[in-house]
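*Asks:* Structure incoming, see below.
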Amino acid sequence: MLENLRLSFQSIWAHKMRSFLTMLGIIIGIAAIIAIVSTITGTNEEIKNQLIGSGSNTVDIVLKQNSYELSISSSSDIPYGVPEVSDSVREQILALDTVENVTCYTQREYVSGIYYQNTEFSYPTVRGIDTSYFDTAGYTLRSGRGFIDSDYSNFRKVVIIDSILADTYFPNESAVGKTLEISGVPFMIVGVVTESDSYDASISTVSDYYTYSDSSAGYLFIPKASWPIIYCFDEPENVIVKAASTDDMEKAGTDTEEILNSMISSAQTEVEYDAENLIEQARDLEELSSATNNQLIWIASISLLVGGIGVMNIMMVSVTERTSEIGLKKAIGAKKRAILGQFLTESVVLTSIGGLLGVGAGIGMAYIINKISGVAVAISVPASVIAVLFSMLIGIIFGLMPSMKAANMDPIEALRRE
């Protein structure tokens, strides 16, 4: 085997340009496949991170009315038969093996009438939250303080805003300590929070806010106990659960959904809780992405077929060129197996080198694609190993016929050729 490897490298080195051109089809095919697989893997990871939250493992369970998310803008929109989430229901949810934490909140979207001095906030979302909201939903405190127990027990009119609103309306000063008017009621800003895994947009003006608000509106948070100060009524709550792991998200959401729906009045047929199945969304997007890119892999594989035919052709030429050598070896006692092994090894070495160069070129192509287009890439080690093994297989398949031709030569006829 070692002697066959030595002879293979010697033959390849003796015809460097011919060998490189022969490997070119293999290099291009492998490089294309590695680049495509890298973009598929990177895109799928990006989908998971964006939808699932890059490890936050939170699942929203929201109230829906006739399959649409319930939106409350006045007391007339409050559905009957949907109570607030009680402490006992919270305990049932926390008792689930798949649930690490739970929080409940009330919400008004696109709220008007929120002012700082003479500037009106542009339709942010207001949430009334409990003490576990920020930890569960994945927020971190950027400045000031969070809500404390006395804020709830004393019904204090305090508010925490997110970093989007802070950067928009207080770009050159601290927001903490400022007073907002919410529906004519003064609330003091005590803190600024930011999502732990959020995209940190550059927002410094109100116009920047309008540009970015399409994908991420600002949020104001007040203690849930202070909610009736503004809106006069207790309202149904949505729920966020933090799963013990990403794999537990789907079950945690489904089980929590069942518990919450069990507390709704049987007479209420229009409203129910529905868990947002981010795992399924991610899986669907991954399948769509993979289905599209698998077609590209098949197209790229055509160059491997062309490369394999090129290997077979050059090995046929090599066998013809070395006919006398083959005849001499057989004349002094070389067996068919030895001749077959020599030429088959040379074919495999040729395609393996092409495979290794293709993997390197594919990784380079993936990073170039990332730099030029911004598409996420993730190098797949298993795919790289499989690509090299596949290139070796091509060498065996397309090198077999020339190797058998060499092994089956008649030594007398071979020695007669010049």
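The values are calculated or read from the model by the stated rules, or taken from the named source; none is laboratory data. Computed from a predicted model, the values in this text were never measured in an experiment. When we count neighbours, we look across all protein chains shown, and the Cβ atoms used for this are built from the backbone with ideal geometry, even at glycine. Remember, those area values only see protein heavy atoms, side chains included, never the ligands or the DNA or RNA. Shrake-Rupley method; radii C 1.70, N 1.55, O 1.52, S 1.80 Å.
*Asks:* Please give the number of the condition residue 107 fails out of (1) open to solvent by less than 60 Å² (accessible area, probe 1.4 Å); (2) not in a strand (DSSP E or B).
*Replies:* Unmet for residue 107, out of (1) open to solvent by less than 60 Å² (accessible area, probe 1.4 Å); (2) not in a strand (DSSP E or B): (2).
*Asks:* Quick one: would you say residue 236 is of a type outside the set (A, V, I, L, M, F, W, C), open to solvent by less than 30 Å² (accessible area, probe 1.4 Å) and either on the phi > 0 side of the Ramachandran plot or modelled with pLDDT of 85 or more (or both)?
*Replies:* yes
*Asks:* Taking the stated definitions as given, is residue 371 more than 32 Å from the chain's Cα centre (by Cα) and either farther than 26 Å from residue 17 by Cβ or at pLDDT below 85 (or both)?
*Replies:* no
*Asks:* Right, here's the next one. What are the residues in the stretch 133-154 that are under 11 Å from residue 240 (Cβ atoms) and open to solvent by 70 Å² or more (accessible area, probe 1.4 Å), if any?
*Replies:* 135
*Asks:* If you go through the stretch 1-38, how many residues are at pLDDT below 80, among the polar types (S, T, N, Q) and either buried (at least 18 other Cβ atoms within 10 Å of the Cβ) or closer than 23 Å to residue 367 by Cα (or both)?
*Replies:* Qualifying residue count, the stretch 1-38: 2.
*Asks:* Right, another one. Among the candidates 375, 349, which residue alone is at negative phi, of a type in the set (Val, Ile, Thr) and in a helix (DSSP H, G or I)?
*Replies:* 349
*Asks:* Restricting to the stretch 75-101, name every residue that is more than 18 Å from residue 249 (Cβ to Cβ) and β-branched (Val, Ile, Thr).
*Replies:* Selection gives 78, 82, 85, 89.
*Asks:* Oh, and also: Would you please list the contacts, defined by Cβ atoms under 6 Å and residues six or more apart or on different chains, that run from a residue in the stretch 113-132 that is within 19 Å of residue 174 (Cβ to Cβ) and open to solvent by 10 Å² or more (accessible area, probe 1.4 Å) to a residue that is at pLDDT 90 or above and not hydrophobic (A, V, I, L, M, F, W, C)?
*Replies:* 115/181; 116/169
*Asks:* Which condition breaks for residue 71 when tested against (1) open to solvent by less than 50 Å² (accessible area, probe 1.4 Å); (2) part of a loop (DSSP other than H, G, I, E, B); (3) more than 20 Å from residue 184 (Cβ to Cβ)?
*Replies:* (1)
*Asks:* Then there is this: Against the conditions (1) modelled with pLDDT of 80 or more; (2) part of a helix (DSSP H, G or I); (3) within 31 Å of the chain's Cα centre (by Cα), where does residue 273 fall short? Just the number, please.
*Replies:* It fails just one condition, (2).
*Asks:* In the stretch 162-198, how many are of a type in the set (Val, Ile, Thr) and more than 14 Å from residue 147 (Cα to Cα)?
*Replies:* 6
*Asks:* Residue pairs, Cβ under 7 Å, 6 or more apart or interchain, first in the stretch 55-80 and at positive phi, second among the hydroxyl-bearing types (Ser, Thr, Tyr). List them.
*Replies:* That search, which allows pairs on different chains as well, returns 57/245; 57/246.
*Asks:* Return the residues of the stretch 343-369 that are among the β-branched types (Val, Ile, Thr) and either open to solvent by 40 Å² or more (accessible area, probe 1.4 Å) or closer than 12 Å to residue 391 by Cβ (or both); say none if nothing qualifies.
*Replies:* The answer is 348, 349, 351, 353, 359, 363, 368, 369.
*Asks:* Pick from the stretch 308-327 the residues that are at pLDDT 80 or above and aliphatic (A, V, I, L, M): which of them is farthest from residue 406 (Cα to Cα)?
*Replies:* Out of the qualifying residues, it is 309.
*Asks:* Can you confirm whether residue 280 is over 30 Å from residue 133 (Cα atoms) and either modelled with pLDDT under 70 or under 17 Å from the mean Cα position of the chain (by Cα) (or both)?
*Replies:* Answer is no for this residue.
*Asks:* Go over the candidates 353, 363, 379, 412 one by one and state the one that is among the β-branched types (Val, Ile, Thr) and either under 25 Å from residue 6 (Cα atoms) or touching a Pro at 6+ places or on another chain (Cβ under 9 Å) (or both).
*Replies:* 353 is the lone residue from the list that is among the β-branched types (Val, Ile, Thr) and either under 25 Å from residue 6 (Cα atoms) or touching a Pro at 6+ places or on another chain (Cβ under 9 Å) (or both).
*Asks:* Is there a residue being of a type in the set (Ser, Thr, Tyr), over 20 Å from residue 138 (Cβ atoms) and in contact with a helix residue (DSSP H, G or I) (Cβ under 9 Å, 6 or more places away or on another chain) anywhere in the stretch 110-118?
*Replies:* The answer is yes; a qualifying residue exists.
*Asks:* Still on this structure: Return yes or no: is residue 324 out of contact with any His (no Cβ under 6 Å at 6 or more places or on another chain), buried (at least 17 other Cβ atoms within 10 Å of the Cβ), hydroxyl-bearing (Ser, Thr, Tyr) and not in a loop (DSSP other than H, G, I, E, B)?
*Replies:* Answer is no for this residue.
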